[in-house]
Structures are given as structure tokens and as C-alpha cells.
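Input: a single structure, listed below in C-alpha cells.
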Amino acid sequence: MTISRRTFLIVGAVTAASVALPPFISAQASAANAARPVKASVKFWVNDQQRNLDLDTRTTLLDALRENLHLTGSKKGCDHGQCGACTVIADGRRINSCLTLAVMHEGSKITTIEGLGTPQKLHPMQAAFIKHDGYQCGYCTPGQICSAVAVLGEIRDGIPSHASPSLTKPPQLIASEIQERMSGNICRCGAYSNIIEAITEVAEASA
Ligand code: FES
Ligand code: FES
């Protein structure tokens with residue numbers, strides 16, 4: 001059987017269309033899947049209150065705190081784990097809440113800046129930041145304070161840092177040790193020296 005040039009072109013076009021179709025359909029299907037979030041419930045303690053949330057599983061802990069629980073003290077700076085503005089304390093350890101999914105914290109005890117103290121009854125670290133002028137614009141301050149509180153816990157627990165001269169002896173409460181541990185908290189206003197003074201004062205008072 002001979003195939004005319006016209007028939008050949010028609011067959012070719014149909015074949016090309018059928019080859020091109022599956023990726024198009026699969027792109028549509030994945031767009032539809034992305035638009036349909038997978039939900040999960042998570043139960044955790046935030047600032048000593050039990051909270052139950054029904055969340056898109058892709059929700060970060062930071063977004064759950066800010067958008068679902070309206071605790072806007074934790075700030076979104078970079079949303080990439082680079083600035084520390086979103087630092088909260090989870091089960092006693094500081095974490096970047098933008099880098100962790102809320103559903104990974106089932107049963108956790110989360111403390112945000114709102115849970116550390118109140119304007120009427122400040123946490124000693126909050127009072128020291130005010131006394132030493134440890135901020136200018138204040139955007140990084142909630143993360144700095146949560147981090148600083150956890151840093152003192154790390155030093156008390158004897159956890160060494162990159163700046164510790166010994167891995168086995170208890171870390172010393174000195175500026176270089178505090179600076180290294182606070183290096184993940186960026187302050188665009190450059191209030192670093194006052195921040196170190198505030199942390200040192202609280203550390204010495206609680207030693
Ligand atoms: Fe999380 Fe910058 S917002 S580290
Ligand atoms: Fe402005 Fe730190 S006080 S970024």
C-alpha cells in the first residue's frame with residue numbers, strides 16, 4: 001500500500017498530538033492536586049495553652065503561629081532559615097520556625113515571645129534588652145530574645161559551641177561564646193554590642 005504525502009502528514013500530526021498530550025494532562029492533574037491541600041490536625045501547647053489546628057500539611061510552624069493563632073510576635077524575615085527573626089523555643093530548644101512544618105510538632109511545647117513575659121511582668125531577658133537598648137527597629141528582637149533565653153539554657157546544660165575551647169569542660173559565660181551562639185540571629189540595625197551586654201547581665205544574674 002502506498003501512503004500519499006497528505007496521509008503521511010495527517011498521521012504524523014495525530015501521532016505528535018498523542019505524544020504531546022500526556023505531559024499536558026499530567027501538568028493539569030498536578031496543578032489540580034496542588035490546589036487541593038492535604039489537611040491534617042495537629043495538637044500542641046503554645047505558651048502553656050493547648051491548641052488544636054486543622055492545617056494544610058505544608059504550613060510552617062511560623063505561619064501556623066502567625067496566621068492561625070495570630071501570635072505575630074515571631075517575625076518572618078527571610079523565610080529561609082537565614083535571619084533568626086522567627087526563632088521560637090520548642091521543647092526547650094530554639095528553632096527557626098520558618099524551617100519546620102507545624103504538623104511535625106504534635107505534642108510539642110512551643111514558647112513564643114508572647115509566652116515569655118507580659119508588659120506588666122517582663123521576662124528578665126526582655127527587661128535587660130530594654131535596659132541596654134538592645135534594639136532599634138525591634139524587628140529582630142523577639143527572635144533575639146527567644147534565642148538568648150535558650151542560649152543560656154545551652155550553656156547551663158554544658159553544651160559546647162564552635163567557640164568553646166573544650167568539648168568536655170563546661171562552656172564559659174564569655175562574650176565570644178555568646179556571640180557565636182547568637183550568630184544565627186541577624187540584626188540589620190546593628191544593635192549587637194548592646195544585645196551582648198543584655199545577655200551577659202542576665203547570665204551573670206542567674207549564675
Ligand atoms: Fe526564619 Fe529568617 S524568617 S530564619
Ligand atoms: Fe532592627 Fe535588629 S533592631 S533589625
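The values are calculated or read from the model by the stated rules, or taken from the named source; none is laboratory data. Everything quoted here is computed from the prediction, not taken from an experiment. Virtual Cβ from ideal backbone geometry, glycine too; neighbours counted across all protein chains shown. SASA here: full protein model, heavy atoms, side chains in, ligands and nucleic acids out. Shrake-Rupley method; radii C 1.70, N 1.55, O 1.52, S 1.80 Å.
The condition (being closer than 27 Å to K76 by Cα and open to solvent by less than 70 Å² (accessible area, probe 1.4 Å)) is satisfied by just one residue among Q144, Q136: Q144. State whether the residues of segment 116-136 include one that is of a type in the set (D, E) and within 21 Å of A64 (Cβ to Cβ). So far as segment 116-136 goes, no, none of its residues is of a type in the set (D, E) and within 21 Å of A64 (Cβ to Cβ).
Listed by first and then second residue, the pairs linking a residue in segment 81-106 that is over 20 Å from L55 (Cβ atoms) to a residue that is among the hydroxyl-bearing types (S, T, Y) and more than 9 Å from ligand 1 (Cβ to nearest atom), with Cβ atoms under 7 Å apart and 6 or more places separating them unless they lie on different chains, are G84/S147; A85/Y139; T87/S147; I89/T111; R94/S147.
Beta carbons closer than 6 Å, at least 6 apart along the sequence or on distinct chains, pair a first residue in segment 177-202 that is open to solvent by 40 Å² or more (accessible area, probe 1.4 Å) with a second that is in a helix (DSSP H, G or I) and more than 12 Å from ligand 2 (Cβ to nearest atom) for E201/A128.
Checked against the criterion of being open to solvent by less than 60 Å² (accessible area, probe 1.4 Å) and of a type in the set (D, E, K, R), the candidates E154, E106, E114 yield just one match: E154. If you go through segment 165-172 one residue at a time, do you hit one that is within 16 Å of ligand 2 (Cβ to nearest atom) and within 20 Å of E201 (Cα to Cα)? Looking for residues that are within 16 Å of ligand 2 (Cβ to nearest atom) and within 20 Å of E201 (Cα to Cα), one finds none in segment 165-172, hence no. Taken together, the residues in segment 54-78 that are within 19 Å of P37 (Cβ to Cβ) and not polar (S, T, N, Q) amount to 12. Restricting the search to helices (runs of 4 or more DSSP H) fully inside segment 107-159 and requiring at least 3 residues that are over 22 Å from the mean Cα position of the chain (by Cα) gives 124-131. In this structure, S164 does not satisfy being open to solvent by less than 20 Å² (accessible area, probe 1.4 Å), outside any helix (DSSP H, G or I) and touching a Leu at 6+ places or on another chain (Cβ under 6 Å).
Listed by first and then second residue, the pairs linking a residue in segment 138-167 that is in contact (Cβ under 8 Å) with a residue 60 or more places away in the chain and among the small types (G, A, S) to a residue that is more than 16 Å from ligand 2 (Cβ to nearest atom) and not in a helix (DSSP H, G or I), with Cβ atoms under 6 Å apart and 6 or more places separating them unless they lie on different chains, are S147/R94; A150/I89; A150/R94.
Each row is one residue, and each column tells you yes or no for (1) open to solvent by 40 Å² or more (accessible area, probe 1.4 Å); (2) assigned to a loop (DSSP other than H, G, I, E, B); (3) touching a Ser or Thr at 6+ places or on another chain (Cβ under 7 Å).
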site	(1), (2), (3)
K43	yes, no, no
L55	no, no, no
R58	yes, yes, no
A64	no, no, no
G73	no, yes, yes
A85	no, yes, no
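Tell me which residues, restricted to segment 175-192, are among the small types (G, A, S) and more than 9 Å from ligand 2 (Cβ to nearest atom). A175, S176, S183, G184 - these are the residues of segment 175-192 that are among the small types (G, A, S) and more than 9 Å from ligand 2 (Cβ to nearest atom).
Can you tell me which residue is farthest from I145 (Cα to Cα) among those in segment 87-103 that are open to solvent by 40 Å² or more (accessible area, probe 1.4 Å) and assigned to a strand (DSSP E or B)? Among those that are open to solvent by 40 Å² or more (accessible area, probe 1.4 Å) and assigned to a strand (DSSP E or B), it is L101.
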